[in-house]
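Reading through the structure tokens given below for one structure.
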Amino acid sequence: MSREGKRFLLGFLLLASAVAALPVWIRNPYYLNVLNVVGLHVLIVVGLNLLIGFAGHISLGHAGFFGVGAYLSGILTGTYGWCPWLTMGFAACLTASLALGIGIPTLRLKGNYLVMATLGFNIIVTVFLLQLDNLTGGPSGYTGIPPLTVFGRSLISDFEFYWLIWGTALVSLVLARNLCHSRVGRGLRALHESPDAAAAAGVPVERYKVKVFILSAVYASVAGSLYAHYYGIITPKTFDIFKSVELVTMCILGGMGTLWGGLFGAVFLTPLPQLLHFFDEYKDIIFGGILLVILIFLPQGLVGWLENRLHALFQNNRR
Amino acid sequence: MAGKSTARVISEQPQVTHSVLEVRELSVRFGGLQALNGVHLAADGRHITSVIGPNGAGKTTAVNCISGMFRPDSGSVRFNGAELLGLPRHRIARMGLTRTFQNLQVFGHMNVLENVMVGMHAASGSEFMVSLFRFPRLRKEERRIRERSEEMLDFFELTSQAYKPAGQLSYGDRKKVELARALVSRPRMVLLDEPVAGLNMAETETIGRLIGEIRRQGIGVVLVEHDMALVMRISDKVVVLCEGRVLAEGTPHEIQNNSEVIRIYLGGGEEFGLSA
């Protein structure tokens with residue numbers, strides 16, 4: 001195994017043991033709830049980081065994909081009685097085709113048109129959720145989503161969902177890692193730095209950009225489905241454009257282009273609004289401020305910065 | 001120095017002797033400027049064909065048309081008998097025609113080995129699903145990509161720098177990384193756009209030797225270059241472009257004695273051999 005592979009394995013084992021150990025101490029449903037939301041954010045941000053950090057394209061519509069996953073799962077299982085697990089897959093497929101529809105025209109253009117298109121998409125999603133109120137419940141939300149069942153047993157408690165959500169998040173991290181350390185991952189990083197050189201080396205630049213965008217949307221959709229079954233009630237506000245900004249902030253705070261970055265971003269920023277709930281009205285300003293500060297002073301993000309510091313320290317000691 | 005053990009690293013295919021690349025009637029217009037005007041060009045699959053000409057003659061434009069970077073207004077580009085015009089760039093690379101860039105295009109944040117491994121994209125095929133789930137096929141292919149790329153680093157004397165970010169290398173070494181990336185997939189032909197521009201004499205010497213080595217291993221080379229000493233020394237055929245047209249074509253000796261060519265180089269105020 002390569003040195004990098006060992007490092008990932010070590011990090012992953014540490015994380016997995018932390019995930020396994022935390023519920024031993026934390027039994028309070030409120031804290032478990034916060035941890036579960038962190039897990040869902042990790043899931044989305046790991047996917048988003050593949051798009052932002054590796055391929056170099058920003059999406060401001062991932063809360064929209066998150067919402068599409070949540071509402072499809074909610075409505076199809078709640079109103080129409082579909083099987084929750086199958087619906088989750090169906091929602092992921094539908095989200096993938098939406099991403100395909102957005103990605104094909106915009107990612108073929110040079111420049112960051114994806115930001116504009118996804119911004120528009122997220123606003124459209126919000127409008128639909130608010131206006132189709134006999135289907136979605138409108139501004140007050142959609143209720144009556146059945147719980148997920150595993151082997152005939154319903155998952156209801158925060159504790160049960162903890163395992164499902166974090167299990168999914170860990171699997172998603174491994175999958176993303178596999179992708180990064182393959183020819184596809186190298187191709188994505190290459191097209192980020194120089195699309196021309198990547199294409200000349202045989203990387204199908206446009207197709208890769210569209211595919212990684214779809215992949216990240218599917219991650220968000222799965223997170224949305226889990227969210228819907230976890231809470232049992234969903235409201236449009238959870239999936240608006242500000243949520244998208246939050247997700248991008250998590251990605252950038254943690255560090256673009258490192259898988260662990262997304263994880264740390266979600267871990268740091270998710271509890272923030274809970275700690276600062278008396279600042280609730282200023283939440284979006286605070287997130288915007290964090291984004292600005294990071295981009296100006298730590299463009300490589302927390303994990304990137306830490307890696308550089310450790311690297312420098314290590315080199316100084318060796319001299 | 002590339003030893004005997006690495007002499008066959010680049011191509012293990014038998015040598016072929018027909019015009020692998022045939023460009024016909026290539027024309028490109030940028031607004032009021034006729035960048036290429038009915039250019040014909042044929043390049044042999046095991047020779048070095050150099051394209052020279054004053055600045056603005058259309059050399060890079062021709063390379064860009066052939067490699068699919070932009071589409072000419074008219075003409076045809078045939079490679080191994082297949083039409084290239086209209087094909088996406090990555091397909092052209094997969095067909096065995098790769099290139100380097102005049103303005104260096106290494107991936108600065110990736111290490112040297114990874115840079116070269118990207119070049120193997122043209123000769124490998126595992127896509128998203130196979131990579132996400134790390135199927136056995138991927139592991140096997142990754143191993144092949146890695147071994148082949150390491151051989152290439154060895155050939156280009158870059159092994160000691162394999163894990164450095166490519167952006168930290170000297171200019172000359174970055175040029176080598178680009179060459180290695182273009183050759184790692186065992187192409188039939190490679191387009192080199194000014195591979196020695198900005199290099200000192202020793203580095204030029206090294207690159208010149210490596211280009212000769214590439215040719216010996218049966219890979220066709222199309223060389224766009226301003227360094228006349230190098231062009232005249234290593235080329236089998238020289239094509240002179242001027243204002244978007246082919247002005248002359250022949251062996252280096254014929255070109256050096258062609259009065260038209262001497263006139264445009266000397267008459268243009270540029271000294272033959274020093275125009276860069």
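Roughly what % of DSSP beta bridges within chain B run antiparallel, to the nearest 5?
So the antiparallel bridges in chain B amount to around 55 percent.
Express the Stokes-Einstein translational diffusion coefficient of chain A in µm² s⁻¹, to the nearest whole number, given a Kirkwood radius over alpha-carbon pairs, 37 °C and a viscosity of 0.692 mPa s. The partial results should precede the final answer.
Values: Rh = 20.2 Å.
Translational D for this selection: 163 µm²/s.
Got a sec? Which residues of the range B:120-135 lose 20 Å² or more of accessible surface with every protein chain in place, vs. that chain alone, 1.4 Å probe?
Residues passing the criterion (a loss of at least 20 Å², heavy atoms only) are B:H121, B:S126, B:E127, B:F128, B:S131, B:L132, B:F133, B:R134.
Which lysines have a Cα lying under 21 Å from the Cα of A:K211, excluding residues fewer than 8 positions away in the same chain?
Result set, ordered by chain and number: A:K110.
I'd like the per residue volume of the convex hull spanned by the Cα atoms of the range B:101-199, given in cubic angstrom.
About 102 Å³ per residue, rounded to a whole number.
In chain A, if the dipole is taken from +1 on Lys/Arg beta carbons and -1 on Asp/Glu beta carbons about the Cα centre, which of A:V46, A:N33, A:I290 is farthest to the positive end?
The residue sitting most towards the positive pole is A:V46.
Can you send over the carbon and sulfur percentage of the accessible area for the range A:3-238, probe radius 1.4 Å, protein chains only?
Working: 6570 of 9400 Å².
Carbon plus sulfur share of accessible area: 70 percent.
To the nearest 20 debye, what is the magnitude of the charge dipole of the protein assembly as shown about its Cα centre, counting +1 on the Cβ of each Lys and Arg and -1 on the Cβ of each Asp and Glu?
1360
How high is the relative contact order of the range B:53-152, in percent, with contacts defined as C-alpha pairs under 8 Å that are six or more residues apart?
Value for the range B:53-152: 18 percent.
Evaluate E = 1/(1 + (r/R0)^6) for A:I124 and B:L87, where r is the Cβ-Cβ distance and R0 equals 51 Å; express this FRET efficiency to the nearest 0.05.
0.90
Along the charge dipole of the protein assembly as shown, Cβ charges K/R +1 and D/E -1, which of A:L313, A:G137, B:H40 sits furthest on the positive end?
Farthest towards the positive pole: A:L313.
Probe radius 1.4 Å, ligands and nucleic acids left out: which of A:C83, A:C93, A:C251 has the largest accessible area, and how do the rest follow? Can you show the working numbers first?
Details: A:C83 60, A:C93 90, A:C251 0 Å².
Descending order: A:C93, A:C83, A:C251.
Rounded to two decimals, what is the ratio between the C-alpha radius of gyration of chain B and 2.2 N^0.38 Å?
Cα Rg divided by the expected 2.2 N^0.38 Å: 1.01.
Heavy atoms of the protein only, probe of 1.4 Å, neighbouring chains included. What is the accessible area of A:L76 in Å², nearest 10?
Approximately 20 Å² of A:L76 is accessible to the 1.4 Å probe.
Could you work out the relative contact order of chain A, using alpha carbon pairs under 8 angstrom and six or more residues apart, expressed as a whole percent?
Taking the mean separation of contacting Cα pairs over the length of chain A, I get 31 percent.
Between A:L22 and A:M116, what is the spin-label point distance in nm, taking each point 7 Å from the Cα along the Cα→C-beta axis?
It works out to 4.0 nm between the two label points.
What accessible area, in Å² to the nearest ten, does a 1.4 Å probe give for A:W305?
100
Please work out the FRET efficiency for the pair A:L9 and B:R216, using the Cβ-Cβ distance as r and a Förster radius of 45 Å; give the result to the nearest 0.05.
Details: r = 44 Å, r/R0 = 0.98.
My answer for the efficiency is 0.55.
Rounding to the nearest 20 debye, state how big the charge dipole of chain A is about its Cα centre with +1 on each Lys and Arg Cβ and -1 on each Asp and Glu Cβ. Write down the numbers at each step before the final one.
Numbers: 20 positive and 13 negative charges, 239 e Å.
Taking the Cα centre of chain A as origin, the dipole is about 1140 debye.
Take the Cα of A:I104, step 7 Å along the line toward its Cβ, and report every residue of the range A:193-225 whose backbone nitrogen sits under 13 Å from that point.
Under cut-off, by backbone N: A:207, A:210-211.
Per residue, how much accessible area does chain A show when a 1.4 Å probe rolls over the protein heavy atoms, in square angstrom?
Per residue, chain A has 45 Å² of solvent-accessible surface.
Please give the Cα centre distance for the range B:197-234 versus the range B:138-184, rounded to the nearest Å.
Centre-to-centre (Cα) distance: 19 Å.
Restricting to the protein assembly as shown, compute how many DSSP beta bridges are antiparallel as a %, nearest 5.
60
Residue farthest toward the positive end of the dipole of the range A:3-238, with Cβ of Lys/Arg at +1 and Asp/Glu at -1: which of A:V210, A:P146, A:G167?
A:V210
Can you tell me the FRET efficiency between A:W305 and B:H40 if r is taken as the Cβ-Cβ distance and R0 is 51 Å, rounded to the nearest 0.05? Could you put the intermediate results ahead of the total?
Values: r = 56 Å, r/R0 = 1.10.
For R0 = 51 Å, the calculated efficiency reads 0.35.
Any idea how far apart A:S97 and A:C83 come out in nm if each label point goes 7 Å out from Cα toward Cβ?
The modelled label-to-label distance comes out at 2.0 nm.
Diagonalise the Cα gyration tensor of the protein assembly as shown and give the resulting equivalent ellipsoid semi-axes, square root of 5 times each eigenvalue, largest first, whole Å. Please report the intermediate quantities before stating the final value.
Details: eigenvalues 569, 130, 88 Å².
Three semi-axes, in Å: 53, 26, 21.
Go through A:Y71, A:Y80 and list them by solvent-accessible area, largest first, probe radius 1.4 Å.
Of A:Y71, A:Y80, the descending order of accessible area is A:Y80, A:Y71.
Can you pull the one-decimal nm distance between simple spin-label points at B:Q102 and A:I233, each 7 Å off the Cα toward Cβ?
6.6
Can you classify the range A:184-319 as rounded, prolate or oblate using the Cα gyration tensor, where a ≥ b ≥ c are the square roots of its eigenvalues, rounded means a/c under 1.5, and otherwise it's prolate if a/b beats b/c and oblate if not?
oblate
Mind grabbing the accessible area of B:F133 for me, 1.4 Å probe, Å², rounded to tens?
The accessible area of B:F133 comes to roughly 100 Å².
Quick one: which residues, 5 or more positions from B:V51 or on another chain, have an amide H under 5 Å from its amide H? H modelled 1.01 Å from N in the peptide plane, none for Pro or chain starts.
It is B:L223, B:V224, B:E225, B:V239, by chain and number.
Could you list the trypsin sites (Lys or Arg not before Pro) in the range A:1-87 that lie in coil according to DSSP, counting only those with at most 14 other Cβ atoms within 10 Å of their Cβ?
Values: sites: A:R3, A:K6, A:R7, A:R27; in loops: A:R27.
Loop-located and lightly packed - A:R27.
What order do B:E147, B:E142 take when sorted by accessible area (1.4 Å probe), most exposed first?
My answer, sorted largest first, is B:E147, B:E142.
For the range B:54-139, give the magnitude of the charge dipole about the Cα centre (Cβ charges: +1 Lys/Arg, -1 Asp/Glu; no others), in debye to the nearest 20.
Charge dipole of the range B:54-139: 180 debye, to the nearest 20.
Ignoring ligands, DNA and RNA, how much accessible area is buried between chains A and B, both sides summed, with a 1.4 Å probe, to the nearest 100 Å²?
2900
Over 21 Å between Cα atoms: which of A:K6/B:K175; B:K59/B:K237; B:K140/B:K176 fall into that group?
Result: A:K6/B:K175; B:K140/B:K176 exceed 21 Å.
Under 8 Å for C-alpha pairs, at least 6 residues apart: give me the relative contact order for chain B, rounded to a whole percent.
Reported as a whole number, the value is 27 percent.
Give the cross-link partners of B:K164 among the aspartates and glutamates, using a straight C-alpha distance below 12 Å as the criterion and excluding same-chain residues fewer than 8 apart.
B:E114, B:D173
The values are calculated or read from the model by the stated rules, or taken from the named source; none is laboratory data. Fair warning: this is a prediction, and the values are worked out from it, not measured in the lab. Note that we place each Cβ from the backbone using ideal geometry, even for glycine, and neighbour counts take in every protein chain shown. To get the accessible areas, we keep the full protein, side chains included, count just its heavy atoms, and leave off ligands, DNA and RNA. Shrake-Rupley method; radii C 1.70, N 1.55, O 1.52, S 1.80 Å.
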